[in-house]
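Novice: First the structure, then my questions, so here it is.
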Amino acid sequence: MWTEGLETGLSLARDRERPRNLLLQSLPFEELERLSPLLQKVSLTPRRVLQHAGLAIEHVVFIEEGLVSVLAKVDDSSAVEVGLIGRDGAVGSIVVLGADAAAFSHFVQIGGSALRVGVDDLARVLPEMPHLREALHRALTQSAQVAACSLSHAFEQRLASWLLTAHDRCDMTHLPITQDLLARSLGVRRPTVSEAFKQLARRGVLAKARGRVRILDRAGLERIACRCYRVMCRQGDAFKRSKMGRKTLIALSLVFALSEIELAVQ
């Protein structure tokens with residue numbers, strides 16, 4: 001199994017702590033208090049499939065620590081990454097659109113922990129939880145932002161954007177990632193990843209050890225990254241500034257992201 005249940009049902013009054021997942025943190029206390037007894041703490045095992053494409057979605061999983069790649073199938077033997085989900089997102093949020101099966105596979109890139117809720121339990125409480133519905137809609141836009149990068153940007157720019165996004169979403173100083181996994185996820189050969197890492201290391205923006213990457217100069221890495229990373233940051237700021245703006249961006253981003261994914265996997 002990809003997870004190991006640790007505890008079922010959280011009591012805010014007892015634990016006196018809010019979840020680490022940013023979507024859950026954004027909920028008003030009343031909604032979070034109602035949802036908490038339905039949440040189960042689970043661990044995420046690295047290099048395991050969290051959700052298979054085409055299979056029924058049984059849980060919505062709010063990432064607390066770690067990183068999950070969203071993979072679109074290219075052919076019978078390969079897939080390409082079209083999104084990253086960390087503690088600012090949720091796996092399975094497409095259920096809010098009425099879907100009962102996953103469109104893409106979700107692969108645990110960096111292990112950690114999460115809170116999950118059964119889709120049947122979620123369906124019972126969601127009609128009376130407008131802030132949770134909005135948060136799950138927002139998660140849909142966050143899970144597919146990197147699809148366009150593979151169409152027009154150099155790999156070094158894409159890699160810089162990936163590293164920054166991973167750093168933002170899993171909140172780790174040292175990223176436990178391998179060149180093999182990155183190559184398969186980003187749809188390139190391993191030597192391409194290796195050479196890009198060498199170039200970034202020469203510029204002093206990161207240090208690479210076996211199975212780990214440490215970002216040394218974040219500002220320098222941001223200058224190298226493609227504009228997609230800055231677009232995602234601006235969208236995140238817009239979400240925070242305006243409730244109406246969030247709803248507009250959700251609708252526009254969903255249309256954009258889905259069209260880009262379709263192009264990327266053709």
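Novice: Out of Gly111, Gly54, Gly118, Gly86, I need the residue that is on the phi > 0 side of the Ramachandran plot and not hydroxyl-bearing (Ser, Thr, Tyr). Which one?
Specialist: On the way: Gly111 fails: on the phi > 0 side of the Ramachandran plot; Gly118 fails: on the phi > 0 side of the Ramachandran plot; Gly86 fails: on the phi > 0 side of the Ramachandran plot.
When all the criteria are applied, what remains is Gly54.
Novice: Looking at the structure I just gave you, is Arg158 among the basic types (Lys, Arg) and in a helix (DSSP H, G or I)?
Specialist: Working: among the basic types (Lys, Arg): yes; in a helix (DSSP H, G or I): yes.
Taking the combined requirement at face value, the residue satisfies it.
Novice: State which residue is farthest from Leu50 (Cα to Cα) when the search covers only the range 91-110 and only residues that are of a type in the set (Gly, Ala, Ser) and assigned to a strand (DSSP E or B). Before the answer, list the steps.
Specialist: Here is the first cut: in the range 91-110, the residues of a type in the set (Gly, Ala, Ser) are 92-93, 98-99, 101-103, 105.
Now restrict to residues that are assigned to a strand (DSSP E or B): 101, 105.
On the way: Ala101: 13, Ser105: 8 Å.
Only one residue tops the list, namely Ala101.
Novice: Look through the range 1-59, keep the residues that are of a type in the set (Gly, Ala, Ser) and more than 22 Å from the chain's Cα centre (by Cα), and return whichever of them is modelled with the highest pLDDT.
Specialist: Residues of the range 1-59 that are of a type in the set (Gly, Ala, Ser), as a first pass: 5, 9, 11, 13, 26, 36, 43, 53-54, 56.
So of that shortlist, the ones also more than 22 Å from the chain's Cα centre (by Cα) come out as 9, 11, 13.
Working: Gly9: 53, Ser11: 47, Ala13: 42.
Ranking the qualifying residues of the range 1-59, first place goes to Gly9.
Novice: Follow-up question, since we're still on this one. Among Ala257, Ala196, which is the only one that is surrounded by 14 or more Cβ atoms within 10 Å (Cβ to Cβ), modelled with pLDDT of 80 or more, of a type in the set (Gly, Ala, Ser) and assigned to a helix (DSSP H, G or I)? Break it down into steps so the answer makes sense when it comes.
Specialist: On the way: Ala257 fails: modelled with pLDDT of 80 or more.
Testing whether each residue is surrounded by 14 or more Cβ atoms within 10 Å (Cβ to Cβ), modelled with pLDDT of 80 or more, of a type in the set (Gly, Ala, Ser) and assigned to a helix (DSSP H, G or I) leaves just Ala196.
Novice: Go through the range 72-90 and give me each residue that's surrounded by 22 or more Cβ atoms within 10 Å (Cβ to Cβ), under 20 Å from Ala183 (Cβ atoms) and either free of Cβ contacts under 8 Å to residues at least 24 places away in the same chain or of a type in the set (D, E, K, R) (or both).
Specialist: Glu81 - this is the single residue of the range 72-90 that is surrounded by 22 or more Cβ atoms within 10 Å (Cβ to Cβ), under 20 Å from Ala183 (Cβ atoms) and either free of Cβ contacts under 8 Å to residues at least 24 places away in the same chain or of a type in the set (D, E, K, R) (or both).
Novice: May I pose another question? Hey, among Ser69, Ser93, Ser43, Ser113, which residue is crowded, with 23+ Cβ neighbours inside 10 Å and in contact with an Asp or Glu (Cβ under 6 Å, 6 or more places away or on another chain)?
Specialist: Going through Ser69, Ser93, Ser43, Ser113 in turn, just one is crowded, with 23+ Cβ neighbours inside 10 Å and in contact with an Asp or Glu (Cβ under 6 Å, 6 or more places away or on another chain): Ser69.
Novice: So which of Arg241, Arg203, Arg246 ends up being at pLDDT below 90, over 20 Å from Asp171 (Cα atoms) and in contact with a helix residue (DSSP H, G or I) (Cβ under 9 Å, 6 or more places away or on another chain)? Full working, then the answer.
Specialist: Details: Arg241 fails: in contact with a helix residue (DSSP H, G or I) (Cβ under 9 Å, 6 or more places away or on another chain); Arg203 fails: at pLDDT below 90.
Residue meeting the stated conditions: Arg246.
The values are calculated or read from the model by the stated rules, or taken from the named source; none is laboratory data. Since this is a predicted model, take the numbers as computed values, not measurements. Heads up, the Cβs are rebuilt from the backbone with ideal geometry, glycines too, and the neighbour counts pull from every protein chain shown.
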